[in-house]
1. Run down Phe338, Phe386 and say which single residue is surrounded by 22 or more Cβ atoms within 10 Å (Cβ to Cβ) and either of a type in the set (A, V, I, L, M, F, W, C) or outside the structural domain of Trp184 (by TED's automatic domain parsing) (or both).
2. Need the failing condition index for Asn245 against (1) under 20 Å from Ala176 (Cα atoms); (2) crowded, with 23+ Cβ neighbours inside 10 Å, just the number.
3. Here are some residues: Leu178, Leu258, Leu205. Which one is closer than 24 Å to Gly352 by Cα and not assigned by TED's automatic domain parsing to the domain that holds Leu376?
4. Return only the number of the condition from (1) within 24 Å of Ala110 (Cα to Cα); (2) in contact (Cβ under 8 Å) with a residue 40 or more places away in the chain; (3) out of contact with any strand residue (DSSP E or B) (no Cβ under 9 Å at 6 or more places or on another chain) that Asn236 does not satisfy.
5. Do you know which of the residues in region 394-428 that are among the β-branched types (Val, Ile, Thr) and at pLDDT below 95 is surrounded by the most Cβ atoms within 10 Å (Cβ to Cβ)?
6. Report, by residue number, each residue of region 381-407 that is outside any helix (DSSP H, G or I) and touching a residue at least 24 places away in the same chain (Cβ under 8 Å).
7. Suppose the filter is of a type outside the set (A, V, I, L, M) and farther than 27 Å from Arg74 by Cα; does Ser235 pass it?
8. Please enumerate the residues belonging to region 63-82 that are touching a residue at least 60 places away in the same chain (Cβ under 8 Å) and assigned to a loop (DSSP other than H, G, I, E, B).
Amino acid sequence: MSLIIQYLPSTVAIIFGLLQDMVLRLHTMTPGIYIISILCIVGTLNVMPTPRQDYISRVKETRDSHETIKALQRMVKVDGAGSWPPKATHRDSWPKALQPYHDIFQELAALISVDTVSTNDEINQSRRLEYRKRLQRLLKERINLEAVQSVFAISDQAGSTGLQGVACNGFFACIANLRHGFRWGTVPIVKVAQEEKIIDFPQELDIPWAFLQRRYGVNSQGGNLMSNFHCNFDSNGELVYKLNNGMAEPVPSAEYNLVYSFTGTEKESLPVYYHLAQAIAAFERNQKQQCSQQLAQVNWHLRNTMRVYYEYVVSSKIPHSLFVGYIQGFHGWAAGKFVDGKFKEYDGLSGGHLILFNLLDGFFGFEHFLNDESRLNYIPATQREFIESVKKHGFREEAERAGDVEVKKQLDGILKQLRTFRSAHKTRTNRYMSVERPERVVMTAGASIPKGGAKGTAQDLAKSVDDALAKQLKNTV
């Protein structure tokens, strides 16, 4: 009982008191009043939230054959390794040939961040090249490429027991963070690094990345939310590959809080995914009451999901002065390669990669923040498939045409929460992006360097981001 009460607001908890009161007053109740009271309580219990830890088993055990439910199950099984957000293990669970990658990152981790930042290009270039040189030397000395390629060849085979599941997820995090470290060479990132647009990666980082691109179905040269954030937690909830090991507080805490603001959001989103998939299946079977109840659960759990952002993305947990320099910049990319004679640039991590908002935009029929190519670049395949399935089966317009009052009421509640979130996100993002960093050209992690380049100011960048978020907010109707 205590577990259930933990997940109830006070208004619903009162129901249990009412039940007790009904028992005491049975002798004074007419049969009609008694039946009405029971029906009211049962109606409320139908929308009571299920404790979150039950949702993994509920997703796995659902026998429904609906396409969207199957897509959710595949996402949890393949990318999540049976959990959500994706579960990962690091180093000891990997084949021995891959374990030195973990050790190399940890050995160099304390060297990448500095508390005294220079604006001198020569000093900054010397520093980042020194980091690269050390990284390349350790890779050459400790990585047996033949053995590494053998692991990948075995793992690529169907039904293989090679690098799979949680171990592969952890390796994904390691290689992605090593590649970002090689790309930038220093934190905060600096102008001379941003000017380098084609990165000559060592084979020891390119060969594993090609395998991971195949495994997860992404095209970008750099990491994504799954690799850099979700798979970067150990079983104790601690970050494994940290950027700011040698820095004093509050820098390490700010780094953790930003990463958790994304992964915590994903954690709380699983009930939303489950109930939305169930609502879609119910609607298509003309089970309107069940559909409405499932949407009520979506509304309920969406509050918990949004609360992660509201509680973590605040200046007391992620100071405005640290965000751009010590956390966000490293996870950008702003580099690329020539494809068929044309230069193709990739971006880094973005809140626009979160499944939740892509899912809701698709469901309601809104224009996605990311275009089709960007989703192919940065969002793993099974996650894209789930998003596309929800989009395909969205039923807002059909419900409105049919005059389904209760269904429409729940849809309006979800939409209201989404608009409120986007308004708050727009305001907070503007404050974070308005901070000047003289050692670098203005840039966002998720959209690289905006028009204006080196001539742009933090205010220009903030306006550019603000305009994009304002457009998305305007479309959320």
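The values are calculated or read from the model by the stated rules, or taken from the named source; none is laboratory data. Bear in mind the structure is a predicted one, so any value in this text is a computation, not a measurement. Don't worry about glycine lacking a Cβ; one is built from the backbone with ideal geometry, like all the others, and counts go over all protein chains shown.
1. On the way: Phe338 fails: surrounded by 22 or more Cβ atoms within 10 Å (Cβ to Cβ).
Going through Phe338, Phe386 in turn, just one is surrounded by 22 or more Cβ atoms within 10 Å (Cβ to Cβ) and either of a type in the set (A, V, I, L, M, F, W, C) or outside the structural domain of Trp184 (by TED's automatic domain parsing) (or both): Phe386.
2. (2)
3. Details: Leu258 fails: not assigned by TED's automatic domain parsing to the domain that holds Leu376; Leu205 fails: closer than 24 Å to Gly352 by Cα.
The match here is Leu178.
4. So Asn236 meets the others, but not (2).
5. Checking each candidate, the answer is Thr420.
6. First, the residues of region 381-407 that are outside any helix (DSSP H, G or I): 393-395, 403-404.
Hits for region 381-407 are His393, Gly394, Phe395, Asp404.
7. Details: of a type outside the set (A, V, I, L, M): yes; farther than 27 Å from Arg74 by Cα: no.
When the stated conditions are applied, Ser235 does not pass them.
8. Asp64, His66, Asp79, Ala81, Gly82
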